[in-house]
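The values are calculated or read from the model by the stated rules, or taken from the named source; none is laboratory data. Note that the structure is a prediction, hence the values are computed from the model and not measured. Here the Cβ positions follow ideal geometry from the backbone for every residue, glycine too, while neighbour counts run over all protein chains shown. Keep in mind that these areas ignore ligands, DNA and RNA; they rest on the heavy atoms of the full protein, side chains included. Shrake-Rupley method; radii C 1.70, N 1.55, O 1.52, S 1.80 Å.
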Amino acid sequence: MAQSEKEQDDYRITYYNAVSSKTVDWLWYPYIPYGKITILQGDPGYGKSTMMMQLAALITNGKAMPDGSGDKIPGNVIYQAAEDGIEDTIKPRLEKAGADCYMIRVIDETDKELSMTDDRLEQAIIETGARLIILDPIQAYIGATVDMHRANEIRPVLKHLGIIAEKHNCAIILIGHMNKASGSKSTYRGLGSIDIQATARSVLLVARLRDKPNIRIMAHDKSSLAPAGDAIGFEMTEDNGMVCIG
C-alpha cells in the first residue's frame, strides 16, 4: 500500500506530506477568491445587487476591478436573481452598468427553482466556463427543504457548493440580507445560521453613510485567505449606478 494512503472499505487517510500546496487565485484580491465562496451582505436597499452588477459588467468587458486590480480578461458570468424581474429590472440595470449581456447567463427557473445542490448549476458552469456565479439572495437558493438556521442542514449544502467552486476554479458570491438585531456584531447579523458566514472564505459588508445617503462603503467583515482589504467607497448615481470613489 502506498505510503500516503491507507484504505479499508470507505475509509481513507492521507498524509499531509503527500498533499501538493497551491496558491489561491483571485478575481479581486483580497476580496473575492476564485474557487471559494464569498458572501456580500448588508441591509436591504443598500446597493448589494447594484454593486454585483457593476462587477459583472467589469468582468464581461475585461476591465479592471474598482481599485484598478484584476486580470483584465473577459469572462462569463452566471447571475441568478430571485427577487427582481429579469426583463424589467436585472437586464436594464446590467445594460446601464455597461455589461456585455452576451456573456451573462441565467439558468431558467420557470419550471423548477434552482438550489445550491441542483445539478444544473455545475452543468451551467461547465458549459459556459463561467468565472463568476452570483446567487441573489442566499435564502432563495438554499433549497425548500433546508432550514437555514440549522447548522447540520446548511453545512452540507454549502460544502457541496464549495466543492463545485473549487473543482471549476470559479468565484461564487452569495448575496445576503442582514437581520434586524440592533447592537450586534455584523458577523451575527447575517440571516440564518452563523455557519453560513463560517463556511465562506470572504465576507464583505455593505453599509451606508448616515449623513451622505448616496455613499456606500464596502468593508471586509471576514478574510480567511489574505489580510483584510481596505474599505472602499462607492457613490450611487442615477446614470452610472455605483461609481468607486476610493
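Some notes on this structure:
- Residues satisfying the stated conditions in the stretch 29-48, i.e. open to solvent by 20 Å² or more (accessible area, probe 1.4 Å) and either of a type in the set (Val, Ile, Thr) or touching a Lys or Arg at 6+ places or on another chain (Cβ under 9 Å) (or both): Lys36, Asp43, Gly45, Tyr46
- Restricting attention to the stretch 215-232 and to residues that are among the aliphatic types (A, V, I, L, M) and assigned to a loop (DSSP other than H, G, I, E, B), the residue that is nearest to the chain's Cα centre (by Cα) turns out to be Leu225.
- Restricting attention to the stretch 85-97 and to residues that are closer than 21 Å to Asp239 by Cβ and not acidic (Asp, Glu), the residue that is most open to solvent (accessible area, probe 1.4 Å) turns out to be Lys96.
- Options Ile138, Ile90; residue that is touching a strand residue (DSSP E or B) at 6+ places or on another chain (Cβ under 6 Å), over 30 Å from Lys22 (Cα atoms) and not hydroxyl-bearing (Ser, Thr, Tyr): Ile90
- Qualifying residue in the stretch 194-208 (condition: at pLDDT 85 or above, over 12 Å from Ile39 (Cα atoms), open to solvent by 30 Å² or more (accessible area, probe 1.4 Å) and of a type in the set (D, E, K, R)): yes
- Filter result (at positive phi and either open to solvent by 40 Å² or more (accessible area, probe 1.4 Å) or modelled with pLDDT of 95 or more (or both)) within the stretch 171-193: Gly183
- Of all residues making up the stretch 85-122, the number that are under 18 Å from the mean Cα position of the chain (by Cα) and not in a loop (DSSP other than H, G, I, E, B): 8
- Within the stretch 51-84, being without any contact (Cβ under 8 Å) to a residue 40 or more places away in the chain and either assigned to a helix (DSSP H, G or I) or open to solvent by less than 30 Å² (accessible area, probe 1.4 Å) (or both) holds for Leu58, Gly62, Ala64, Met65.
- Considering the stretch 123-160, and only residues there that are in contact with a Leu (Cβ under 7 Å, 6 or more places away or on another chain) and part of a helix (DSSP H, G or I), the residue that is surrounded by the most Cβ atoms within 10 Å (Cβ to Cβ) turns out to be Ile138.
- None of Ala18, Ala56 is of a type in the set (A, V, I, L, M) and more than 24 Å from Gln139 (Cα to Cα) except Ala18.
- Considering only residues in the stretch 233-242 that are open to solvent by 20 Å² or more (accessible area, probe 1.4 Å) and either under 20 Å from the mean Cα position of the chain (by Cα) or acidic (Asp, Glu) (or both), the one that is modelled with the highest pLDDT turns out to be Glu235.
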